[in-house]
Structure formats: structure tokens, C-alpha cells
Amino acid sequence: MLRRIPFIALPLTAGAAAVAAILILQVLRTGGLPDPTSHGDFGARVLDIAVLVFREGLECILVLSAITANMIGSRHSLQRPVAAGAGAAFLATLLTWGVAITIVDSLAENLPALDLQAATGLLAILVLLLVMNWFFHKVYWAGWISLHSRRKQTLMKEASDGRLWWGLAVLGFSSLYREGFEIVLFLQSYRLKLGGTPVLYGVSIGLALTTIVGVLTFVAHRRLPYRRMLVFTGVMLGLVLLVMVGEQVQEMQLARWLPTTPIVPLERVIPGWMGLWFAIFPTVETLAAQILAAAIVVGSFVLARPQGRTLQAGRA
């Protein structure tokens, strides 16, 4: 019976248990359910961050597995420079996080808090829109992975030993650092609004799940359903995007970057808890922005489908 349990159940179960533990700790700490009015719900924001980190980690693992796919047998040693480059990228991501904190904190000393939160929130939404667009864009997926694969094949055919080592290291570095850079930009908005604790918890959960998948992929050599996992996290990111857009527009209204145009009929329909938990407010600006964000994501998926078919037909 145990053999019938899919391996993907392990990271998913671990993630659910971690999120549940955080929520329980929050209840014990506050003496009740998390209060969404106090800088947003702690558990929900931790989950948002964990989903983004885990999804970006999955993409990184997918690219690295494509690079190292045929590095077996006598070529197994070629995995070392790729791993070294990925390790250097992880350290570079931590350095980038420190630099980003320094820049944002220095700006906080000279700009009003609402203005800075609005600005970093816009940056986070742009990053998330790019992630969602790339997720649904088959041409991007094929191009990004094939670019690294072609570069690897060129290096292995033409490069000398020293150039090959450094070339593979650069491939490993670029595969991980691009994802890390996106995460660093995204998390600045959450750090300003919520502080470092939920960011730390969310990143820890996301990294833990990514580590589990990485171990199953590169150590246990398990073939995991990456596509289903990415679709699942992609749908969750879509919901995160809608919530972030609603919160961002409200912050811009509070900072007087945008006007506030209430929709009186909807004020009687949309209860207050919808705004507290899902950032759905009965105003023209918030609802229009959320509809626009959803249209961009769905439109990207629709436009990518014929391009994906054209690319596959060309390969055939």
C-alpha cells in the first residue's frame, strides 16, 4: 500500500503541515484567529510568499535538470560546475537581498511610508505579472530551456576543459540567479508592509519544498509531474495576483495616487470581510485593476497557444 503513494505527496504534505503549524502558532500567539486588519492576515501572506518561492524554485529545478540530463556516466563530473554556479547564484541572491534592503530602507527615510509602499507594491505586481506571463507562454518555456540546452551542447563540443568548466558554471548561475532576483524584488513590498517575520517564514517554507523536490530529482532521480505542479502553483499565483492588485490599488488610493470612486450598489452586495481577506472592494479603481490583471494573464495564455503550435510544427 505504501508503494502506491505518489512521491509528490511528500512535498505537498510537508507544505500543508508547515502552513498549518504556522497558523496554529499564530492562533496561540494572538489568543484567537489571525486578524486581517492588522497589516494583513499573517498566515495568508506567508502562504503567498511560499507559493511564489516554490514556483520559482520549480522553474529553476526544471532548467537545471534539462542542463544536466545527459551528464551521466563518464560525464557525471560535468554536473559539478553547474552545481557550483547554482551555489554562487544562491549566495549572490542573498547579497542582492541585502543591497535591496539597504536601498529601500534609505528611501524610507526620505519618502512617506504610503508612497514607498505603493511604489514597491507596483514593482511586486510587475514581477508577478512577468512570472504569470512566462508561466503561460509556451514559447518562453521552450525558448528558455532550449537556450540553456543549446548553450550546453555548444560548450561541450567546442570548448576546452577550462572554458567548459566556466561555461557550465555560468549556465548554473544564470539558471538560479534570475529566479532569485525576481523573488528579491517581489518580497520588498511584503517586507515593508508586514515586516521580516512573515517573509522569513514564507521563504523558509518555499525553500523547504524546493529542497525536497530537488533531492527527489537530483539525488533520488525521481521523475516528478513538473507540469502538474507548475499548473497548480500557477493557479495559486493567479489568485495571489488578484489579491495583490486589489491591495495595491487601495494603497495608491490612500497615498492619493488614485481617486476613490465607490460603486454604491456593490457596497450593499460585497461584505466587509471580502475586502479584508481577498482585497475585493466596491470601488471602480480596484475592481477595474483586478479585471485588467486577469485579462492580461488570460490574454497571454490565449495568444501563446497558436505561437506554441507554430513552434512545435516548425520542429516537426
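No value in this document is a laboratory result; all are computed from the given coordinates. Treat the numbers as computed from the prediction; the structure is a model and nothing was measured. So basically every Cβ, Gly included, is an ideal-geometry build from the backbone, and we count neighbours across all protein chains shown.
Here is how the numbers come out for the structure above:
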{"quantity": "Interchain or long-range residues, amide H under 5 Å from THR283's placed H", "calculated": "ILE263"}
{"quantity": "Packing-based order for 164-175, 63-74, using average beta carbon neighbours within 10 Å, highest first", "calculated": "164-175, 63-74"}
{"quantity": "Protection proxy ranking, peptides 269-277, 202-210, average beta carbon neighbours within 10 Å, highest first", "calculated": "202-210, 269-277"}
{"quantity": "Chain lengthening between ALA295 and THR260 when straightened (0.36 nm per residue, less Cα-Cα)", "calculated": "10.4 nm"}
{"quantity": "Whole-number D in µm² s⁻¹ for the range 210-287, Kirkwood Cα-pair radius fed into Stokes-Einstein, 37 °C, 0.692 mPa s", "calculated": "216 µm²/s"}
{"quantity": "Karplus-derived HN-Hα couplings along the range 184-192 (A = 6.51, B = -1.76, C = 1.60, θ = phi - 60°), whole Hz, x at Gly and Pro", "calculated": "4, 5, 5, 6, 4, 5, 5, 5, 5"}
{"quantity": "Most to least packed among 240-251, 118-129 [average Cβ atoms within 10 Å]", "calculated": "240-251, 118-129"}
